[in-house]
Structure formats: structure tokens, C-alpha cells
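K.L.:
Quick one: structure below, then a few questions.
Each reported figure results from applying straightforward, stated rules to the coordinates on display, with no laboratory input. Given the structure is predicted, the values throughout are model-derived calculations rather than measurements.
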């Protein structure tokens, strides 16, 4: 017995981890001929936004890490002049570099902290999208199965009627041929031709 559509009120909790749905062409095909429910559209946008943020953070983290290394090199270059030659300009540049490095370090720490939480947030959103996708597909499958049941019932009915008609067609032809043959043998071609013209439109 198939499930009752009325029982599907909220998605079933799914613990199985799956690939990112919005990156799967087959997932998009599920909605090719059907409008996506509002909740699925909302989750799709949220997931794509998170993936975009993750990609941006990855690039930014690389850039800031390289910048931090460059600033460290600048400090080392200015350190000798600042200490040995007591060069005020070199000391100033070194202090600026230190400040920039501290600012960069704060930004890197924030990005790394955010990056640590991203995978879990992405998987949580993807899991919710999976659950609502399963719910939507099964509700549509419920309707489709009912339609299939009706079509199958109609086809079986027509098939049975067709079978009866085919049997009757064979019987009617045999009966027709038997009478025509007997009449032909009984009265001959000339008389049969007269009857054919009058009752059968001139042909058998």
C-alpha cells in the first residue's frame, strides 16, 4: 500500500551525508518541468551563497598570507638600518610594517575562524535541502503514481474491450463469409451480383 500524501507534513530527518546538491545537474533536472517550492529556492540560494563565500575566503586567505610574508620581509630589510644606523625613516617603515602585520594577522585569524565553521554550515544547509527535495519529489511521485494507476486501469479496460472486439470481428467475418459462400454456390454469380449492388453497394 502506498503512503498517504496527507502524512507528509515535514521532511524526514536524513543522517546520510551526500554531495552538494546545487552542483549536481541531475538535481536541477528534477525541477526542469516543475516549479521549485519556495523553501527549496530559499535553501538553494543560501547554499550557493555559502559556497561562494567559502571560495572567496579561500582566495582572500591566500592573498593575505602572502601579504603577511611580504611585510615580514620588509621588516627584516629595514631592521639592520633601523638598529645599526639608527635610521629614523627605516625605523618608521619598520613600525608601519609591524602595524600592518598585526592588522593582517587579525584579518587572517577571523578568516581562518570563519573557514573552520564553513564546512559544517554548508553540510547542514545541504542536508536540509536534501530533506526538502526528498519531500517534494515523493509528494510529486504520489500524484504521479495515482495518475499511473488510473492510466493502467484504463489501458487494461481498453485492452479487454479490444480483445472482445477482436474475437467478435473474427466471428462476424466467419459468419459473413459462410453466408456469402453458400448464397453464391446456391444461386450463382449473376444473381449474387444483383444482390451485391442492391444491398452491399456493389461489392462483397
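K.L.:
So what is the calculated 222 nm ellipticity per residue for the chain, using -39500 (n - 2.57) for each DSSP H run with n of 4 or more, over all residues, to the nearest 500 deg cm²/dmol?
P.N.:
Numbers: 4 runs with 163 residues, N = 204.
Dividing the helical sum by the residues of the chain leaves -29500 deg cm²/dmol.
K.L.:
Between the range 149-189 and the range 107-122, how many Å separate their Cα centres?
P.N.:
78 Å
K.L.:
With all distinct Cα pairs included, what does the Kirkwood hydrodynamic radius of the range 18-143 come out to in Å, to one decimal, could you say?
P.N.:
18.2 Å
K.L.:
Okay, next question. For the Cα atoms of the chain, what angle does the longest principal axis make with the long axis of helix 88-187, in degrees from 0 to 90, nearest 10?
P.N.:
On a 0 to 90 degree scale, this one is about 0.
K.L.:
Follow-up. Taking only Cα atoms, what is the 0 to 90° angle, nearest 10, from helix 189-199's long axis to the longest principal axis of the chain?
P.N.:
Tilt relative to the chain: about 60 degrees.
K.L.:
Considering Cα pairs under 8 angstrom that are at least six residues apart, work out the relative contact order of the chain and quote it in whole percent. Before the final figure, lay out each step's value.
P.N.:
On the way: 99 pairs, mean separation 57.7, N = 204.
28 percent.
K.L.:
Another question about this same structure. Please report Rg over Rh for the range 113-157, where both radii come from the alpha carbon positions and Rh follows the Kirkwood definition. If you can, show how the numbers build up before the last one.
P.N.:
On the way: Rg = 19.4 Å, Rh = 13.2 Å.
Taking Rg over the Kirkwood Rh, I get 1.47.
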